[in-house]
1. Are there any helices (runs of 4 or more DSSP H) wholly within region B:13-131 with 2 or more residues that are under 23 Å from residue A:60 (Cβ atoms) and out of contact with any strand residue (DSSP E or B) (no Cβ under 8 Å at 6 or more places or on another chain), and if so which?
2. Condition first: assigned by TED's automatic domain parsing to the domain that holds residue A:25, under 13 Å from the mean Cα position of the chain (by Cα), surrounded by fewer than 18 Cβ atoms within 10 Å (Cβ to Cβ) and at pLDDT below 95. Can you find one or more residues in region A:92-103 that meet it?
3. Modelled with pLDDT under 95, within 14 Å of chain A (Cβ to nearest Cβ), surrounded by 21 or more Cβ atoms within 10 Å (Cβ to Cβ) and in contact with a helix residue (DSSP H, G or I) (Cβ under 6 Å, 6 or more places away or on another chain), is that true of residue B:69?
4. Can you tell me which residues in region A:77-105 are under 25 Å from residue A:48 (Cβ atoms), facing another protein chain (nearest Cβ under 7 Å) and out of contact with any Cys (no Cβ under 7 Å at 6 or more places or on another chain)?
5. Can you tell me which residues in region B:21-44 are of a type in the set (A, V, I, L, M, F, W, C) and surrounded by fewer than 16 Cβ atoms within 10 Å (Cβ to Cβ)?
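The values are calculated or read from the model by the stated rules, or taken from the named source; none is laboratory data. Only a predicted model underlies this, so the values are computations on that prediction, with no experimental measurement involved. Every residue, glycine as well, gets a Cβ built from its backbone with ideal geometry; the counts of neighbours run over all protein chains shown.
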Amino acid sequence: MIQSHLLTTEPSTVQFAGSTWPLIFDFWAIRKLGQRYAPEDTSLDWLRELMAKVAAGDIDAMCGCLWAGMLRENPTLTFDDVLALLDEASFADLVALPEQILAAMQDAYGIPREAGGTGGPWDWEVALATWVKEWGRSEAEFWRATFRTFTSISNGLAKLYEKASQGGASTRAPAEGYSLFDLLSLRGR
Amino acid sequence: MTTTPAKTATSCELGGHVWDLKYTATALRHLQMIFGSLEQFATQLLKENMGQGLSLKTQAILIWAGQKAVEPKLRLRWVERFLRTADPRVRMLLVTWATADFARAVFELAAARIDAANPPVGQDDEDGEGL
């Protein structure tokens, strides 16, 4: 029920260039990806597009996702560092990577879906508790990171945000049935 | 069986510059960002007489991308100027070399995709034993 990879430090892994590399796709990773690929976007369409590019074998998208996923354990890593690692990858590695990266991202963020589809589950209480207690971040920051901007939440879940921001967030937020994709792209069910 | 990209290129001095074209991730990323489909670009190069029939700009991009892994600060403009002023035989050799190595990378990627889509028969047999 809970997106364990998102909420714990247990990473997913990918294999290339003869090594196994840990990937953690958390809020930080998604923010870094957003800053790189869609600094102006308030919806999460860019993430869907990015994942589609990864699926199609786009090396820039693959490299960006690997970089973001590796950042938690290697905060000083740059995009070019990861690109240099990819230079050591075999062609078979390059072909196998998209599926591995997407599996890791979907473990964390849920499956990007069209309207009417189903995404993975999500637990607000655990997510918020992890954010605050484990990562030492503020609750306000959680909501900012989750919803990105007020503009982006003005199309359906604004009421939810309003209630959540007024305190007692974890008890007022829906307990399950939302993936991070739902939250960030605000496509409630 | 696929080869490792890093092992497909050899360095060579042409026109007073040491070239070491490598069509690994760095180069393929640049070419993908500029031309989109790597397969279509490779086809275009092969159809245009191993790249000889393409514009100087396109030839320069192909060579610049291949050289970036070993010369990260190399500027496209420098490669364009090099090609414009180099002995035509040097330009022809360099473009042919780059086209051949890039096309090989694209073919190797395609071969790896076929390998991935068709796992060895023995693996299926093993899976079947448990049934």
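1. Numbers: elements: B:25-35, B:38-47, B:56-67, B:76-85, B:88-117, B:121-129.
In region B:13-131, B:25-35, B:38-47, B:56-67, B:76-85, B:88-117 are the helices (runs of 4 or more DSSP H) which contain 2 or more residues that are under 23 Å from residue A:60 (Cβ atoms) and out of contact with any strand residue (DSSP E or B) (no Cβ under 8 Å at 6 or more places or on another chain).
2. Yes, the conditions are met somewhere in region A:92-103.
3. yes
4. Within region A:77-105, A:94, A:95, A:96 qualify.
5. From region B:21-44, those of a type in the set (A, V, I, L, M, F, W, C) are B:21, B:25, B:27-28, B:31, B:33-35, B:38, B:41-42; that's our starting set.
Correct list: B:33, B:34.
Here is a yes/no grid of residues against (1) part of a loop (DSSP other than H, G, I, E, B); (2) surrounded by 18 or more Cβ atoms within 10 Å (Cβ to Cβ); (3) at pLDDT below 80:
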site: A:2; (1), (2), (3): yes, no, yes
site: A:6; (1), (2), (3): no, yes, yes
site: A:13; (1), (2), (3): no, no, no
site: A:20; (1), (2), (3): no, no, no
site: A:47; (1), (2), (3): no, yes, no
site: A:54; (1), (2), (3): no, yes, no
